[in-house]
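Bear in mind these aren't lab numbers, they're just calculated from the coordinates by the rules spelled out. No experiment lies behind these values; they were computed from the predicted model shown. Note that we place each Cβ from the backbone using ideal geometry, even for glycine, and neighbour counts take in every protein chain shown.
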Protein chains: 2
Amino acid sequence: MKCGAQLSLYVMADDFVRVILSSLDAIAPYRDHLRIETDDISTLVVGPPELIFPTMRELFVAAARSGHHVAMHATISRGCPGEPDMDICEPEQPSAFDEDLEKRKRRAARAVTDAPSTGQRVAVQFSLYPLGPADYMDEIYGCIDFLKASPVFDRAKNYCTRLAGDAGPVFEALSQAWLSFGDPNAHVAIDLTASANSPSPDAAA
Amino acid sequence: MKCGAQLSLYVMADDFVRVILSSLDAIAPYRDHLRIETDDISTLVVGPPELIFPTMRELFVAAARSGHHVAMHATISRGCPGEPDMDICEPEQPSAFDEDLEKRKRRAARAVTDAPSTGQRVAVQFSLYPLGPADYMDEIYGCIDFLKASPVFDRAKNYCTRLAGDAGPVFEALSQAWLSFGDPNAHVAIDLTASANSPSPDAAA
């Protein structure tokens, strides 16, 4: 298994370094299960597919609680043929991919409904890219169906889908998109942008 | 043709709104050729494939000249089956995709060598996703070969390739990755992160 993300956290404030460093404390509970490396553009997080989005949620919510306008970008990947295979990436649970698309949509929807709240509102937009199979749009459309029926769906945008709401169900919806759609043994990527405390009007608010 | 990007510009400073708004002046020369719409997460830029990266370069260089640490994320897409087809996206030049991979690599390399400098140093990392064909890794590896031989190649990272140098050749390399690799009639996406003036040490500097 090959699974991980390149994360970048952006804080629109003069004291961005302090906010970023203190937010890193929030992911301490996950560190034993992850390989983490940082350079000047992003932080590499490698680990099991189930922990990728909870790690991002904890980091982003901690930064958002500073009250500053904060944003996060993540390039998330699994199964890339050019990546090394690492034991640390082994899934913690069996994949639900063997189930048909309708069952996976319902299972993903239940997980979002059951997700605990964090008290922090966020907006995200993301794109899911299952690489290789000719029928890749079936998985994308299945994922969009699941999202449209979920309480955190905000709207379709060009090239991505936008979610908004409490960070708990929003990041659970992202995690479900990651875990339930696209063959778990194939190459799948997500391009994600998150935002909180923006001074710009949210058109859907 | 369906072509465009969702751009987000991040300025790590208290006066980020002023810096972003003044940077937008830099893309005025391109506005007649593009459809541009902004919300609280990103700015949609729709237009011909040749203008996508020059527009990003002008916007990002203008923001970087503020001297603040600035970053940009872009989700770039062409040929997505779910997107509307718009005349404004018509390519300005015929695609070089009919040429074999070796010829395309050489043509792309020449364009980077010929790109004018801007005087602004930037670092970027990006991933190219050609969706649909089973042999999609051939185009990705061809693109990586071209980048590795170019003067702006910095290093391979997990899930992406990192470039660094003057914004002129760096954004030209991105544009060539976009224009020369992946079938021009197919669905291709790029996930891009750019950074300038970071206070963190650049491991490769």
TODO: Taking each label point as 7 Å beyond Cα in the direction of the beta carbon, state the distances from B:PRO151 to the same residue in the other copies, shortest first, in nm.
DONE: 5.7
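Within 10 Å of each Cβ of A:180-191, how many other protein chain Cβ atoms are there on average?
Counting other chains' Cβ atoms within 10 Å and averaging over A:180-191 gives 2.
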Task: Free-standing Cys residues across the protein assembly as shown, given no other cysteine C-beta under 4.7 angstrom - done: A:CYS80, A:CYS143, A:CYS160, B:CYS80, B:CYS143, B:CYS160
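Summarise the long-distance tail of P(r) for region A:78-127 by giving the % of C-alpha pairs beyond 18 Å. Numbers along the way, then the final one.
On the way: 738 of 1225 pairs.
Tail fraction, whole percent: 60.
Which whole number gives the average, over all residues in B:14-25, of C-beta atoms from other chains lying within 10 Å of the residue C-beta? Before the final figure, lay out each step's value.
Working: counts 6, 2, 8, 4, 0, 1, 2, 0, 0, 0, 0, 0.
Averaged over the peptide's residues, the number is 2.
Restricting things to Cα coordinates, could you compute the convex hull volume per residue of region A:27-116 in Å³?
Roughly 153 Å³ of hull volume per residue.
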- [ ] Could you tell me which chymotrypsin sites (Phe, Trp or Tyr not before Pro) in region A:10-74 are loop residues by DSSP with no more than 12 other beta carbons within 10 angstrom of their beta carbon?
- [x] none
TODO: Give the nm distances, rounded to one decimal, from B:ASP14 to the matching residue in every other copy, measuring between label points 7 Å along Cα toward the beta carbon; shortest first.
DONE: 0.4
TODO: Would you please name the GluC sites (Glu not before Pro) within region B:32-124 that are DSSP coil residues with at most 13 other C-beta atoms within 10 Å of their C-beta?
DONE: B:GLU92, B:GLU99
TODO: Could you estimate the translational diffusion coefficient of the protein assembly as shown from the Stokes-Einstein equation, with Rh from the Kirkwood formula over C-alpha pairs, at 10 °C and 1.306 mPa s, in whole µm²/s?
DONE: 75
Task: Shielding by other protein chains, B:60-71, mean Cβ within 10 Å - done: 1
Task: Separation of the B:GLN93 and A:GLU50 label points, Cα + 7 Å toward Cβ, nm - done: 5.2
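How big is the Kirkwood radius of region B:1-76, worked out from every pair of different alpha carbons and given in Å to one decimal?
Evaluated over region B:1-76, this radius sits at 12.5 Å.
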Open item on the list: Measuring nothing but label to label, 7 Å from Cα along Cα→Cβ, what are B:ASP114's distances to the other copies in nm, shortest first?
Closed with: 6.0
TODO: With a 10 Å radius around each residue's Cβ, average the other Cβ atoms per peptide and rank A:163-175, A:136-148, highest first.
DONE: A:163-175, A:136-148
Open item on the list: Two decimals, Cα atoms only, Kirkwood Rh: what is Rg/Rh over chain B?
Closed with: 0.94
